[in-house]
Amino acid sequence: MRWPEPKTFTVPSWLSVFFYKLGDAASWLGWRPPVRTTARQEVRYGATGDGRGWERLTGLKPTDIEAALTREPASVQERWFAQLYFLKPLVFGVFGLFWVTTGLISFGPGWDIGMSLMREGGVPEPIGILAVVSGAGADVIIGLAILYRPTSRYGLYAALMISIAYAVIGTILVPRLWTDPLGPMLKIWPIMVLNMVALAIREDR
């Protein structure tokens, strides 16, 4: 990979077990993480062998793995993949929880704020209630769909479409949000970019 020599450290047993359990939880959601209790059992069991038997049988001498990799240095695609591989669970985990959390906040402590924005935009109370409930429910469903691998693609496409809808509706009803110091409308665009990144790295093989 042409990176500096890696630093190694010992992980406490309780922490490694915690990460293996996280991997199991991700597998229940349809993902295929390499760190699971099955991997832990294989690591503890070990994988060793005597290459001399293969050499006597075939006349071929196994090449040292470091020497083989040195002869064919990693390409930029492989370097990208190596770094994105560990970012992928963060992308999907954080992104899915982001949508679930925003929906739950809209149902709870953010309810009054959502309704005040509807009133500011001149939306009648019954329609405003329906809009806030629908938006919050859609956010939760989208987040859960993203976290569950078999539906993650549909969740990501739905998130992309509803983000565009939020931008259009927000612009029509409360255009001042574009100049709000906290940038609620401006933040939609980096969210959409992350959405497209998640779509690009979703496939495992």
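Residue-wise, which Karplus ³J(HN,Hα) couplings in Hz belong to segment 11-26, taking 6.51 cos²θ - 1.76 cosθ + 1.60, θ = phi - 60°, and x for glycine or proline?
Taking θ as phi minus 60°, the curve returns 8, x, 4, 5, 6, 5, 4, 4, 5, 5, 5, 4, x, 4, 4, 5 Hz for segment 11-26.
Roughly speaking, what is the centre-to-centre gap between segment 102-164 and segment 174-205 when only Cα atoms are used, to the nearest Å?
Each part's Cα centre sits 15 Å from the other's.
Which of the peptides 151-163, 1-13, 191-203 is most tightly packed, and how do the rest follow, going by the mean number of other Cβ atoms within 10 Å of each residue?
Peptide ranking by packing, descending: 151-163, 191-203, 1-13.
Accessible area of Val76, 1.4 Å probe, to the nearest 10 Å²?
Accessible area, nearest 10 Å²: 80 Å².
What order, most packed first, do the peptides 141-148, 121-128 have when packing is the mean number of other Cβ atoms within 10 Å of each residue? Spell out each step's value before the answer.
Details: 141-148: 21.1, 121-128: 12.4.
Ranked from most to least packed, the peptides come out as 141-148, 121-128.
Given 37 °C and 0.692 mPa s, compute D for the chain with the Stokes-Einstein relation, Rh being the Kirkwood radius over Cα pairs; round to the nearest whole µm²/s.
The diffusion coefficient I find is 155 µm²/s.
Can you give the accessible area per residue of segment 123-190, in Å², using a 1.4 Å probe? Intermediate results must be reported in sequence, preceding the final value.
Numbers: 3810 Å² over 68 residues.
It amounts to 56 Å² per residue over segment 123-190.
For Tyr148 and Thr63, calculate 0.36 nm times their separation in residues minus their Cα-Cα distance, and state this gained length in nm to one decimal. Please report the intermediate quantities before stating the final value.
Details: separation 85, 0.36 × 85 = 30.60 nm, distance 4.12 nm.
Additional length available on full extension: 26.5 nm.
State the percentage of accessible surface on the chain attributable to carbon and sulfur atoms; use a 1.4 Å probe and exclude ligands, DNA and RNA.
Numbers: 10120 of 14690 Å².
Carbon and sulfur: 69 percent of the exposed surface of the chain.
Running Debye on segment 124-205 with equal point scatterers at the Cα sites and no solvent, what base-10 log of I(q)/I(0) appears at q = 0.12 Å⁻¹?
The calculated log intensity ratios at q = 0.12 Å⁻¹ are -0.42.
The values are calculated or read from the model by the stated rules, or taken from the named source; none is laboratory data. Bear in mind that the values here come from a model prediction, so they are computed numbers and not experimental data. With ideal geometry, Cβ positions are generated from the backbone for all residues, glycine too; neighbour counts draw on all protein chains shown. The area values use the complete protein model at the heavy-atom level, side chains included, leaving out ligands, DNA and RNA. Shrake-Rupley method; radii C 1.70, N 1.55, O 1.52, S 1.80 Å.
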